[in-house]
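All remarks here apply to the structure that follows.
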Amino acid sequence: VQLPASGGGLVQAGGSLRLSCAASGRTFSSYTMGWFRQAPGKEREFVAAINWSGDITYYADSVKGRFTISRDNAKNTVYLQMNSLKSEDTAVYYCAARTYSSGSNRNSGNYNYWGQGTLVTVSS
């Protein structure tokens, strides 16, 4: 499974970006998808996740109310709409997929496919 992420860039604080992750593979619609991020000098952290059908979503407290995860199974794509961006949102954002349901969707160790990441830089 390939998970190329796109949509990152430089944005001013308070601005918006939409990240996309167009997955390869014919079983995308069966995967739970997640977004994680890693800021310089910090560990990778959970941002958001969405179940296979798109009707259940999960968010880190730090992004709840500002970020929205969604998916289009017909396009094999998952999105992360990021609004009201803050300087502390600066990080490399990674798209990930998990093919099994046991364990927390917030735990990066439960994801078995990862993309290469896209850099988001928020200037204050």
Report ³J(HN,Hα) in whole Hz for each residue of region 110-124, in order, from the Karplus equation J = 6.51 cos²θ - 1.76 cosθ + 1.60 where θ = phi - 60°; Gly and Pro get x. 8, 9, 9, 9, 9, x, 8, x, 9, 7, 10, 10, 10, 8, 9
Sequence order, region 83-97: Karplus ³J(HN,Hα) from phi using 6.51 cos²θ - 1.76 cosθ + 1.60, θ = phi - 60°, Hz rounded, Gly and Pro as x, gives 10, 6, 5, 10, 4, 6, 7, 4, 4, 8, 9, 10, 8, 9, 10
Which aspartates and glutamates, if any, have their Cα less than 15 Å from the Cα of Lys42, not counting same-chain residues under 8 positions apart? Glu88, Asp89
Carbon/sulfur fraction of accessible area - region 1-81, other protein chains in place, 1.4 Å, %: 47
For Lys75, the lysines lying under 28 Å Cα to Cα, once residues fewer than eight places off in the same chain are dropped, come out as Lys64
Please list Trp114, Trp52, Trp35 from largest to smallest accessible area, probe radius 1.4 Å, with all protein chains kept in place. Trp52, Trp114, Trp35
Are there trypsin sites (Lys or Arg not before Pro) in region 1-99 that DSSP marks as loop and that have at most 12 other Cβ atoms within 10 Å, and which are they? Arg26, Lys42, Lys64, Lys75
Taking the alpha-carbon distance from Lys86 and a cut-off under 18 Å, which aspartates and glutamates remain once sequence neighbours fewer than 8 residues away in the same chain are dropped? Glu45, Asp61
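Keeping every protein chain present and rolling a 1.4 Å probe, give me the accessible area per residue for region 1-61 in Å².
About 53 Å² of surface per residue is accessible.
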In Hz, Karplus ³J(HN,Hα) per residue of region 99-104 (6.51, -1.76, 1.60; θ = phi - 60°; x = Gly, Pro): 10, 10, 9, 6, x, 6
Mind grabbing the base-10 log of I(q)/I(0) for the chain at q = 0.11, 0.12, 0.20, 0.22 Å⁻¹? Debye formula, identical points on the C-alpha positions, no solvent, two decimal places. -0.32, -0.38, -1.08, -1.30
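The values are calculated or read from the model by the stated rules, or taken from the named source; none is laboratory data. Source: prediction; values computed, not measured. Cβ: placed from backbone, ideal geometry, glycine included. Neighbour counts: every protein chain shown. Calculation scope for accessible area: heavy atoms of the full protein, side chains included, ligands and nucleic acids excluded. Shrake-Rupley method; radii C 1.70, N 1.55, O 1.52, S 1.80 Å.
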